[in-house]
Amino acid sequence: MNYLKERDGDLFSNADLKQLIVPLLIEQLLAIAVGMADSIMVSSVGEAAVSSVSLIDTIFILLINMFTAIATGGAVVCGQYIGKKRPHKACEAADQLLLVTTALSVVIMAVERNCNIYLMIVAASIPFLAVYNGCAAIFRAQGDSKTPMKISIVMNLINISGNALLVYALKFGVDGVAIPTLLSRMYAAVAA
């Protein structure tokens, strides 16, 4: 099928559009189905494994949709040049689209390493955060909302000052904001 051949003033016939759209829909369904298949297959491992895969797949669905949107925008520009019979400009637009999406994906991949560091440290604070929230709820049930507020203020001061110390003074990276979060939540749990 020749997509560049005009038919009665239209670049694409309805049949041509159907041949373009149906595979696109199937491709999008398959992209999302991969994550669902992962979740189904890992279900035999346990609930924590299913939750982990589902959380990460949610992020990947966002990334897939983001890259699809960028690609669609680039394809629109390419299509406009094709419609104007300027194939050289269409190729330039296609090159730019591939350059932008590749560069963006490399940036995201680099950021992912920092996400892992931050997650590993901050994840250790979850039990402390749970204890603090439980104690704060008990204080409030007794009519005392000032004590959890005071603890929260100190917790946030520890976090912010720790961030400043580790990031600006000691030149830590992502762990420089994760460690104070952990320490501030430990304080809050013990104080509560």
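Output the residue which, of all residues in region 159-192 that are β-branched (Val, Ile, Thr) and closer than 19 Å to Leu119 by Cα, is most open to solvent (accessible area, probe 1.4 Å).
Once the filter is applied, the top-ranked residue is Ile160.
How many residues does region 116-127 hold that are in a helix (DSSP H, G or I), open to solvent by less than 50 Å² (accessible area, probe 1.4 Å) and among the hydroxyl-bearing types (Ser, Thr, Tyr)?
0
Confirm whether Ala90 is at pLDDT below 95, more than 21 Å from the chain's Cα centre (by Cα), open to solvent by less than 70 Å² (accessible area, probe 1.4 Å) and not hydroxyl-bearing (Ser, Thr, Tyr).
yes
For region 39-50, give me each residue that is of a type in the set (S, T, N, Q) and either open to solvent by 90 Å² or more (accessible area, probe 1.4 Å) or over 21 Å from the mean Cα position of the chain (by Cα) (or both).
Across region 39-50, the qualifying residues are Ser43, Ser44.
State which residue pairs qualify: first residue polar (S, T, N, Q) and inside region 69-96, second residue surrounded by 15 or more Cβ atoms within 10 Å (Cβ to Cβ) in any location, beta carbons under 8 Å apart, and separation of 6 or more residues or different chains.
Gln96/Gly74
Consider only pairs whose beta carbons are under 8 Å apart and that are at least six residues apart or on different chains; among these, list those whose first residue lies in region 137-150 and is modelled with pLDDT of 90 or more and whose second residue is assigned to a loop (DSSP other than H, G, I, E, B) and among the polar types (S, T, N, Q).
Hits for this filter: Phe139/Ser145.
So, of the residues in region 18-38 that are farther than 26 Å from Ala75 by Cα and out of contact with any Asp or Glu (no Cβ under 7 Å at 6 or more places or on another chain), which turns out to be surrounded by the fewest Cβ atoms within 10 Å (Cβ to Cβ)?
Looking at the filtered set, the residue picked out is Ala37.
Criterion first (open to solvent by less than 60 Å² (accessible area, probe 1.4 Å), in contact (Cβ under 8 Å) with a residue 40 or more places away in the chain and under 14 Å from the mean Cα position of the chain (by Cα)) does Leu104 satisfy it?
No; evaluated as a whole, the condition is false for this residue.
Might you let me know whether region 51-66 holds any residue that is open to solvent by less than 60 Å² (accessible area, probe 1.4 Å), in contact (Cβ under 8 Å) with a residue 24 or more places away in the chain and not aliphatic (A, V, I, L, M)?
Scanning region 51-66 turns up no residue that is open to solvent by less than 60 Å² (accessible area, probe 1.4 Å), in contact (Cβ under 8 Å) with a residue 24 or more places away in the chain and not aliphatic (A, V, I, L, M).
List the number of the failed condition for Arg113; all other conditions in (1) part of a loop (DSSP other than H, G, I, E, B); (2) open to solvent by 70 Å² or more (accessible area, probe 1.4 Å); (3) closer than 30 Å to Leu63 by Cα hold.
Of everything listed in (1) part of a loop (DSSP other than H, G, I, E, B); (2) open to solvent by 70 Å² or more (accessible area, probe 1.4 Å); (3) closer than 30 Å to Leu63 by Cα, Arg113 misses just condition (1).
How many residues does region 65-110 contain that are part of a helix (DSSP H, G or I) and more than 30 Å from Gly173 (Cβ to Cβ)?
Counting residues in region 65-110 that are part of a helix (DSSP H, G or I) and more than 30 Å from Gly173 (Cβ to Cβ) gives 27.
The values are calculated or read from the model by the stated rules, or taken from the named source; none is laboratory data. Quantities reported herein were computed from a predicted structural model and do not represent experimental measurements. Neighbour counts run over all protein chains shown; Cβ positions are idealised from the backbone, glycine included. Heads up: the accessible areas ignore ligands, DNA and RNA and are worked out on the full protein's heavy atoms, side chains in. Shrake-Rupley method; radii C 1.70, N 1.55, O 1.52, S 1.80 Å.
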